[in-house]
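Below: one structure, written as C-alpha cells.
Nothing in this text is a laboratory measurement; each read-out follows from the coordinates by a stated rule. Everything numeric here is computed off the predicted structure, so don't read it as measured data.
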Amino acid sequence: MEFFKNERKVTEETRKNLSLAATGRVLTEEDKNKISDARKGITLSQETRSKISSAAIALRGIAVLVKNMNTDEELEFTNLTDAAKHIGVSRPAVKKYYDTGKLIQGKYLVRTK
C-alpha cells in the first residue's frame with residue numbers, strides 16, 4: 001500500500017478519465033465489505049462532508065430529457081434516477097452517458113431540459 005501513498009501528481013484529465021472508467025461499476029458484496037472495512041475510522045473534515053453533500057444533491061436534482069432515437073419519443077424526468085429506471089440501467093450509467101453525449105443501449109440520448 002505504500003505505493004499509493006506517494007506524492008504523485010494526477011492531472012484533471014486523468015482524474016476525469018478514471019472517474020468515467022469507474023462509473024457504473026458493479027461491486028460484489030465482498031468488495032463492498034472490503035472497502036467499508038478499509039474506510040472505518042477515517043474522519044472526514046466538515047469541508048469534505050459539505051462537498052460530498054453538494055455533489056449528491058446536484059446529481060439527484062438534474063432534470064433530463066431522454067429521447068428514443070428510433071421512435072423520436074422524448075420523455076422528461078425530474079432526476080437521473082427516474083430516467084435510469086425507465087431505461088433499465090443504473091443512475092451512474094445515465095450520468096456517464098449524459099457527460100459523454102453517447103447513446104445508451106444504442107438508442108437513448110440523455111440531455112438536460
0 to 90° range, to nearest 10: angle between helix 12-22 axis and the chain longest Cα axis
70
Compute the acute angle (0 to 90°) between the alpha-carbon long axis of helix 91-100 and the principal axis of greatest extent of the alpha-carbon atoms of the chain; round to the nearest 10°.
80
Consider just the alpha-carbon atoms of the chain and return their Rg together with their Dmax, both in angstrom.
17.3, 53
Between the range 20-40 and the range 49-113, what's the alpha-carbon centroid distance in Å?
22
Whole-number percent relative contact order across the chain, with pairs defined as alpha carbons under 8 Å at least 6 apart:
23
From phi via Karplus (6.51, -1.76, 1.60), per-residue ³J(HN,Hα) for the range 65-82 in Hz, x at Gly/Pro
10, 10, 10, 7, 5, 6, 10, 6, 6, 10, 10, 9, 10, 6, 8, 5, 4, 5
Treating cross-link reach as a plain straight distance, find the lysines whose alpha-carbon is under 19 Å from the alpha-carbon of LYS51, omitting any fewer than eight places away in the same chain.
LYS16, LYS95
